[in-house]
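The values are calculated or read from the model by the stated rules, or taken from the named source; none is laboratory data. For clarity, every value in this text was computed on a predicted model and none was experimentally measured. Quick reminder, even Gly has a Cβ in these numbers, built from the backbone with ideal geometry, and neighbours come from all protein chains shown. In case anyone asks, the SASA skips ligands and DNA or RNA and just uses the protein heavy atoms, side chains included. Shrake-Rupley method; radii C 1.70, N 1.55, O 1.52, S 1.80 Å.
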Amino acid sequence: MGVAAKKQIGDRGLGEGASIEVMTTMLASGEFDPVQPIVEAVMSGDRPAFDELARTQADWVRAVIFGVLGDRDRVDDVSQQVWVAAWERIGQLRDSRRWRPWLYRLARNAAVDAGREQTRRKRLFERSRAEHQGESATVSCGDTVAEAERRETVWRAIRGLPALYREPFVLRHVQGWGYRQIGEVMDMPVDTVETRLVRARRLLRDALKDKV
Amino acid sequence: MLKRDERIERLINRKLDGELTEDEQLELDRALIRSPEYRALLEEILHIDSLCGAAVKAECSADGGDAGYATTVPHIGTSRRRSTWWLVPGALAACLGLLVMGGLVGDSHDDVRLIVDSHPPVKVVEPIALPEVRTSVPIDAGHFRRIGTGEGLTRGRRDTGVFGAVGDDGNLYLIEVDRFRAVRRPVKENRVRVPLGDL
């Protein structure tokens, strides 16, 4: 039996004779985590494993950062900071099964810190963008002005969401996670995740009604 | 009927997120059939959610791709892998045994790919000729069914699930199952236990 499967079954207090039934139960309850062995390798200093982890988990980390910051221009910078911090602080992760909430907290804290530092600059920037409507940075080659304005309207609505609603909304769409997965990462009950998604969509509808 | 409106709004959201139970689906369907206002609400929420969701996904995905929670297939200890082509039938039988236990995805024709981690990198084997497995449940080779006790497995609208099975060689095999639709249904049959040694 592979090391990863042994450990995951062993952690449940079962012996090596555990059959497929146990594995099925673990899968049904969502306990089987194919990424956990990679995290354990990273915890023992395996750099290629860390690169694999960063590559495969990049999207949702970016989603967390954007969910908190609401500023897509800063996502790349903050994301790099998060992965540097993750490598430096991997020793702080005691339980490899809790790697997602741990990484989520790293990403969230980095985003919050970045938001605080840039608060005044961001206000000035947004004021400037509002004053210069129509010179939107979202205009790209081939875009009509109407498409660019529509896109900017959508982004304004998303940015306008309170972070506590935007975060689960972004994770839901970027990762396709269900309520349970989002709740596990954000460390909140499933009902809370659902409620925040409902409110996020309600706020977006209010902001975009008759505009798109 | 504010509470009723909020209830339907919540059910619509759960539908978008693939979290509806069968009873909730029926309740929502009845409401939508009876009320054009609720149908309009569904369309509105779908439209806005789709628009905003596409925007954030395009922005936050590093490669613009679709990295799912359960579809991350790691290279687990590749240095410990060896060419095990002759163990694949055993692993498939183990996987099939896995599939006749636990909860279920019904009424859907699943496209199953067995992902075998080996040197060189991941090899996809399809289609799969299923070996016979001694169970009390008839198996249709083209249509997987899993029988388990209790409520069965709840799966949302996710298209892909990842399962693992431990083969006779001790290696961990991952199966990626693409589904078209998932429902949760209570299952009354007894759990079928298929020890690895019997396969």
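A:D51 falls short on exactly one of the conditions (1) open to solvent by 10 Å² or more (accessible area, probe 1.4 Å); (2) facing chain B (nearest Cβ under 9 Å); (3) not in a loop (DSSP other than H, G, I, E, B), and that condition is (2). For the stretch A:75-105, the set of residues classified as assigned to a helix (DSSP H, G or I), in contact with a Phe, Trp or Tyr (Cβ under 9 Å, 6 or more places away or on another chain) and open to solvent by 20 Å² or more (accessible area, probe 1.4 Å) consists of A:W83, A:W87, A:I90, A:Q92, listed by residue number. Being at pLDDT 95 or above and either under 13 Å from B:D17 (Cα atoms) or not aliphatic (A, V, I, L, M) (or both): is that true of A:V193 here? Yes; evaluated as a whole, the condition is true for this residue. Every test in (1) modelled with pLDDT of 90 or more; (2) in a helix (DSSP H, G or I) is passed by A:L161 save one, and that test is (2). Scanning the stretch A:185-212 for residues that are open to solvent by 50 Å² or more (accessible area, probe 1.4 Å) and either facing chain B (nearest Cβ under 9 Å) or assigned to a helix (DSSP H, G or I) (or both) yields a total of 8. Only a single criterion out of (1) touching a Lys or Arg at 6+ places or on another chain (Cβ under 7 Å); (2) of a type in the set (A, V, I, L, M, F, W, C); (3) surrounded by 21 or more Cβ atoms within 10 Å (Cβ to Cβ) is not satisfied by A:W177, namely (1). If the condition is being open to solvent by less than 10 Å² (accessible area, probe 1.4 Å) and in a helix (DSSP H, G or I), then the stretch B:17-26 contributes no residue at all.
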